[in-house]
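Written out below as structure tokens is the structure these notes cover.
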Ligand code: FES
């Protein structure tokens, strides 16, 4: 049913892989910013994953997954010809794509994957797209070639300075603003702490900033309550109302507390399943 037709290793340690999967019904309808829920087999947990790419003609969806736990590890090791038991979607609210003017698309770590189709759609909508892609080290930087193909300009940042601008993605954003470029909107996708930093950076500058709260989702179905967040004075569920929200209104500290709680749970699950 949901056969892996292509596997590409994007980084070795930790292992990050790209999988292109046959899922024609999802590929028919999916829009940038939406996610799917996958399950390798009946013993594995369901994992919500933001879509990296889609091909409506071939009927395929591309996802990128890092080995961070038991279930993601199983998927990470899948090979061409292997099958997913479940591949459900598209889910969530699509990105609001329109012509804003100049948009900075920021992807940190694994966040480069979900920001890719958004940047491409923004480019197709007539925006000038400047992308900032960052990672800890040069060998963990993913999808640089793909981002260069759909962006007007790409700024690379690495924490250790092994490639591009030394520092975090906010240093990349500062690098763009230092050139006197007027930025009309910004998408920032990556670790929650990174999205918080970008939102704090752009808030005083009045730059509209969209973040994706996919990292705090657990089951992605609106049932577990793990992705409950505070946005302004409202309570929202990332998997139902998002995953994208106005970054200037998200309570990131609350989101990080929830994430820490579920990380402990995942560790426990990993230990019990390998014993
Ligand atoms: Fe469980 Fe949203 S991920 S309610």
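Here, each number is a calculation from the coordinates, and none is a lab measurement. Computed from a predicted model, the values in this text were never measured in an experiment. Here Cβ is always computed from backbone atoms with ideal geometry, including for glycine, and neighbour counts include all displayed protein chains.
Below, the figures for the structure above:
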quantity: Equivalent ellipsoid dimensions for the range 2-91 as semi-axes, Å, which come from the Cα gyration tensor, largest first; calculated: 19, 14, 12
quantity: Along principal axes, Cα extents of the range 1-44, largest first, whole Å; calculated: 34, 28, 19
quantity: Per-residue [θ]222 nm for the chain (sum of -39500 (n - 2.57) over DSSP H runs n ≥ 4, rounded to 500); calculated: -8500 deg cm²/dmol
quantity: C-alpha center-to-center spacing [the range 183-253, the range 27-49] in angstrom; calculated: 20
quantity: Gained length - residue 219 relative to residue 148, 0.36 nm times residue gap less alpha-carbon distance; calculated: 22.3 nm
quantity: Mean Cβ count within 10 Å, highest first, over the residues of peptides 27-34, 239-246, 175-182; calculated: 239-246, 27-34, 175-182
quantity: Per residue convex hull volume, Cα atoms of the range 114-270, in Å³; calculated: 130
quantity: Residues in the range 54-82 reached by a label modelled at residue 28 [backbone nitrogen below 19 Å; 7 Å Cα→Cβ]; calculated: 54-62
quantity: Translational diffusion of the range 72-153, µm² s⁻¹ [Kirkwood Rh, Cα pairs; Stokes-Einstein; 25 °C; 0.890 mPa s]; calculated: 169
quantity: Theoretical gain in end-to-end length, residue 200 to residue 253 [0.36 nm per residue, Cα-Cα removed]; calculated: 17.8 nm
quantity: Förster radius 30 Å - calculated FRET efficiency between residue 8 and residue 98 (Cβ-Cβ, nearest 0.05); calculated: 0.40
quantity: Mean Cβ neighbour count within 10 Å, used as a protection proxy, ranking 2-8, 59-65, 200-206, 139-145 highest first; calculated: 59-65, 139-145, 2-8, 200-206
quantity: Cα Rg, Dmax (largest Cα-Cα span) when computed across the chain, Å; calculated: 17.7, 57
quantity: Along each principal axis, Cα extent of the range 102-197, largest first, Å; calculated: 34, 26, 23
quantity: DSSP bridge pairs, the chain: antiparallel proportion in percent, nearest 5; calculated: 60
quantity: 0 to 90° range, to nearest 10: angle between helix 252-274 axis and the chain longest Cα axis; calculated: 30
quantity: Relative contact order [Cα under 8 Å, 6+ residues apart], the range 102-259, whole percent; calculated: 19
quantity: Label point distance in nm, residue 174-residue 15, each placed 7 Å from Cα along Cα→Cβ; calculated: 3.8
